[in-house]
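> I have a structure I would like to understand better, so I am pasting it below and will then ask my questions one at a time.
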Amino acid sequence: MTGFIIKRLMQSVLLIFLVLTITFFLLHLAPGDPMAKYYNRQGISPETVKMMRAKFGLDRPITEQYIKWVANFARGDFGFSLHYDRRPVRDLVFEAIPNTLRLTVAALLLYIVIGISLGILSAVKKGTLFDKVNTVTALFLYSIPSFWLSLMLIFIFSLKLGILPSSHMQSIGMEGAGWFELLCDRARHLVLPAFVLGVASAAGMARYMRGSMLDVLREDYIRTARAKGLENKKIFLKHAFRNAAIPVVTIIGLSIPFLLGGAVVIEKIFSWPGMGRLAVDAIYARDYPVVLAVNFVVGVMVILGNLVADIGYALLDPRIKVTKKTE
Amino acid sequence: MLLRVNNLETIFRMDRGDVRAVDGINFNIKTGKTLGMVGESGCGKSVTALSIMRLVPDPPGKITAGSIEFDGRNILSLPEKEMRKVRGNEISIVFQEPLSSLNPVFTCGEQVREAIALHSHLGRKDSKAKAVEMLRKVRIPDPEIRYKNYPHQMSGGMRQRVMIAMALSCQPKLLIADEPTTALDVSVQAQIIELLRDLREELGMSVLLITHDLAVIAQMADTVVVMYAGKIVEKAPVERLFSEPSHPYTQGLLASMPGYSVSGKALPVIPGSVPDPAKLPPGCRFSDRCSKRIDRCFVEEPPLFDLGNSHFSRCWLYSKEES
């Protein structure tokens, strides 16, 4: 298992390097540059802009910029933001990571718990009214664009009912509050964005889990479990679920990039100070170092997520052996 | 009498019409005795087994008539909760395909232990010790080590031993063995049969042995019923069945056994194949394949004629009016 993990991580290093290289050149191919906002501005002469470009090395040939960036990056130097008052990129990203994680992990939990439990219930009650309502609802939620759902939920819960905040991670003036008050306040802020981010995936998961469960319930070993005298609850939750969960774990691993990608839109709509919002703003400002750093972090998260899914897969299914030693 | 199956009828409701998989069959099994049930695939043997366990998948299957008296009570009228206490405890079953019948994600030992814990209310430690004991009883070498093996880490014969250990773990009064050796290598088949025979003596249980292999029947059964297209066509003590087979279908089956016919010649076969259960012929179900058929066979279905000496045959050849 350890050998497998090390091998995967080494492959990942190469993969991330390739992704970042492609991002680097794509960014420089895109029209505009970080200094564009200073052109034709009163009080800033073209000479000044030229001087600034020279200072940041933006006038150098792109290959030279690339080599310099690789050298710095390899040493862990992410450089300075060209947009946020020359702040170190490292600080910007490290401030945003926990916020994005809070949102995506909440969405992931919601998605797994709701998706799996509704999927199992639907499979167990196949063909009943519950199953049909579940199917239609899942299809509906799966099809709704998340930005529209976000706006509708803000409209209903923030504007009309006034029970949930419409944006940001916590209320203004909460700095001096006790930890419990702060926790409640932050939880309230988390509800809408996490729901929107998780619900579409949960709907997909429910459908997938239902299908997987129905497949497993047809297996011979389920008949054996019945022949032992086990009750349905134990057959479903022990014998069937463990098998039905195996393909589902892969789906969860594969869904992590989509959650992080979805977070970009959701963070922007809910003014959530995470990496998604940071990335969108940085792309608009052609803030190259920030975009590359965010891409790096997201890449690492996706790879780690998939690695965890693969490990979970091997743990759930004893037939899968990642080491070569046994058998 | 441990088991009395009276007029059992199990149908499957299919799109193309109802299929009577088991069509009014009767048989009894005495305590400590073994009833062999033979017939081709699709003749209703396995459905009979599942009906006794009340495990016929519903839908599409349903037991529509008859009674199954087990140890003095009709198990067809037991509430599901009571039936669960019978399954795996008083009546157990061993299926044909041991690999797919064992859950791939649990260890073999755990699957045996689960059955013990369920019916005995032993704690984890005691039920585990009992499970190891059962694995030893079915002659699995190094049972403590094998306990931790997953089904895919065992050979076919070992897996079937695990299935037998699971089935016998609560000392059932009746064991249903549904083609227990069909999926195994020939050399392993003999070992499994020997094991079943020894354990039957040791535990004093009754066995319903379902197979299409007459050699297995000869080795284990006291009484034999031959099934064809959902009906019993012949019922006899095992010696009589082999010495004086009465039904043309049974005679055909025996003739097609290697060692029963003249050596050096091609084995005789029964021409044709089992009729589509949704479109059965109006008279005797075997009529269009039978070498001894008479006109009456095509119009009227024969009853089970009593030939004496506990020998019954569903064939017009034995009708008093006819002879």
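The values are calculated or read from the model by the stated rules, or taken from the named source; none is laboratory data. As the structure is a prediction and not an experimental result, all values here were calculated from the model. Methodologically, a virtual Cβ is constructed for each residue, glycine included, from the backbone with ideal geometry; neighbour enumeration extends over all protein chains shown. The protein model used for the area step is the full one, side chains on, heavy atoms only, and it has no ligands, DNA or RNA in it. Shrake-Rupley method; radii C 1.70, N 1.55, O 1.52, S 1.80 Å.
> Which percent of Cα-Cα pairs in chain B sits in each 20 Å bin, short to long?
30, 56, 13, 0
> Continuing with the same structure: Evaluated at 4 °C with a viscosity of 1.567 mPa s, what Stokes-Einstein diffusion coefficient in µm²/s does segment A:95-282 have when Rh comes from the Kirkwood expression over alpha-carbon pairs?
On the way: Rh = 18.1 Å.
D = 71 µm²/s.
> To the nearest 10 square angstrom, how much accessible area does A:Val124 have with a 1.4 angstrom probe?
Answer for A:Val124: close to 60 Å² accessible.
> Using a 10 Å cut-off around each Cβ of peptide A:229-240, what is the average number of partner chain Cβ atoms that fall inside? Please list the in-between numbers first.
Values: counts 15, 6, 4, 2, 0, 2, 0, 0, 0, 4, 5, 1.
Across A:229-240, the average partner-chain Cβ count within 10 Å equals 3.
> Each label point is 7 Å from the Cα along the Cα-to-Cβ direction; what then is the distance between the points at A:Leu315 and B:Glu133, in nm?
In this crude label model, A:Leu315 to B:Glu133 measures out at 3.5 nm.
> Give the peptides B:307-316, A:289-298, A:61-70, B:161-170 in descending order of average Cβ contacts within 10 Å, highest first.
On the way: B:307-316: 17.9, A:289-298: 23.5, A:61-70: 13.0, B:161-170: 26.6.
Most protected by this proxy first, the peptides run B:161-170, A:289-298, B:307-316, A:61-70.
> Here's a follow-up. Test of the criteria: in segment B:21-115, which trypsin sites (Lys or Arg not before Pro) are in a DSSP loop and have at most 13 other Cβ atoms within 10 angstrom of their Cβ?
Working: sites: B:Lys30, B:Lys33, B:Lys45, B:Arg54, B:Lys62, B:Arg73, B:Lys81, B:Arg84, B:Lys85, B:Arg87, B:Arg113; in loops: B:Lys30, B:Lys33, B:Arg54.
Of the trypsin sites (Lys or Arg not before Pro), the ones in loops of segment B:21-115 whose Cβ has at most 13 other Cβ atoms within 10 Å are B:Lys30.
> Work out the FRET efficiency for A:Arg218 and A:Thr250 from their Cβ-Cβ distance, taking R0 = 22 Å, and round it to the nearest 0.05. Display every interim value, and only then the final one.
On the way: r = 21 Å, r/R0 = 0.94.
So, using R0 = 22 Å, E works out to roughly 0.60.
> What does the extension gain come out to for B:Leu99 and B:Asn26, with contour length at 0.36 nm per residue minus their alpha carbon separation?
The B:Leu99-B:Asn26 span can extend by a further 23.1 nm.
> Apply 1/(1 + (r/R0)^6) to the Cβ-Cβ distance of A:Glu95 and A:Val133, taking R0 = 41 Å, and write down the FRET efficiency to the nearest 0.05.
On the way: r = 43 Å, r/R0 = 1.05.
E(calc), rounded to 0.05, equals 0.45.
> Another question, then. Beyond 15 Å, what percent of the Cα pairs of segment A:197-255 remain? Write down the numbers at each step before the final one.
Working: 880 of 1711 pairs.
Value for segment A:197-255: 51 percent of Cα pairs lie more than 15 Å apart.
> Once you put a point 7 Å from the Cα of A:Ser158 and another 7 Å from the Cα of A:Tyr284, both along the Cβ direction, what distance in nm separates them?
1.6 nm
> Could you calculate the contour length gain from B:Glu40 to B:Leu304, that is, 0.36 nm times the residue separation minus the distance between their Cα atoms, to one decimal place in nm?
Working: separation 264, 0.36 × 264 = 95.04 nm, distance 1.96 nm.
Gain in length upon complete extension: 93.1 nm.
> A further question on this structure: If you wrap segment A:92-180's Cα atoms in a convex hull and average its projection over all directions, what's the area in nm²? Before the final figure, lay out each step's value.
Numbers: hull surface 35.1 nm².
Computed as one quarter of the Cα hull surface, the answer is 8.8 nm².
> Rounded, prolate or oblate, given the Cα gyration tensor of segment B:224-323, with a/c below 1.5 counting as rounded? Please list the in-between numbers first.
Details: a/c = 1.74, a/b = 1.19, b/c = 1.46.
Cα axes put segment B:224-323 in the oblate bin.
> Using 24 Å as the Cα-Cα cut-off, could you pick out the over-long pairs in A:Lys125/B:Lys125; B:Lys30/B:Lys279; A:Lys37/A:Lys268; A:Lys125/B:Lys45; A:Lys132/A:Lys268; A:Lys238/B:Lys130? The partial results should precede the final answer.
Working: A:Lys125/B:Lys125 36 Å; B:Lys30/B:Lys279 35 Å; A:Lys37/A:Lys268 22 Å; A:Lys125/B:Lys45 30 Å; A:Lys132/A:Lys268 35 Å; A:Lys238/B:Lys130 22 Å.
Over 24 Å apart, Cα to Cα: A:Lys125/B:Lys125; B:Lys30/B:Lys279; A:Lys125/B:Lys45; A:Lys132/A:Lys268.
> Suppose accessible area is computed on protein heavy atoms with a 1.4 Å probe; arrange A:Leu29, A:Leu153, A:Leu15 from highest to lowest. Present the calculation step by step, with values, prior to reporting the outcome.
Values: A:Leu29 140, A:Leu153 20, A:Leu15 90 Å².
Largest accessible area first, the list is A:Leu29, A:Leu15, A:Leu153.
> Okay, moving on. Tally up the carbon and sulfur contribution to the accessible surface of chain B as a whole percent, 1.4 Å probe, everything protein left in place. Walk me through the numbers before you get to the answer.
Numbers: 7100 of 14030 Å².
Of the solvent-accessible surface of chain B, carbon and sulfur hold 51 percent.
> Based on the Cβ-Cβ distance of A:Ser146 and B:Lys148, what FRET efficiency does E = 1/(1 + (r/R0)^6) give at R0 = 56 Å, to the nearest 0.05? Spell out each step's value before the answer.
Numbers: r = 47 Å, r/R0 = 0.84.
Efficiency computed from Cβ-Cβ geometry: 0.75.
> Rank these by accessible area, largest first, 1.4 Å probe: B:Ser77, A:Ser171. Kindly include the intermediate steps, with their values, before the conclusion.
Values: B:Ser77 85, A:Ser171 40 Å².
Listed by decreasing accessible area, they come as B:Ser77, A:Ser171.
> Using the Kirkwood radius over Cα pairs, work out the Stokes-Einstein diffusion coefficient for chain A at 10 °C and 1.306 mPa s, in µm²/s as a whole number. Working shown, then result.
Working: Rh = 23.0 Å.
Translational D for this selection: 69 µm²/s.
> Out of every Cα pair in the protein assembly as shown, what percent are spaced more than 48 Å from each other? Can you show the working numbers first?
Details: 83736 of 210925 pairs.
Here the tail beyond 48 Å accounts for 40 percent of pairs.
> Oh, and also: Cα centroid distance between segment B:240-300 and segment A:78-110, in Å?
Computed from Cα coordinates, the inter-centre distance equals 80 Å.
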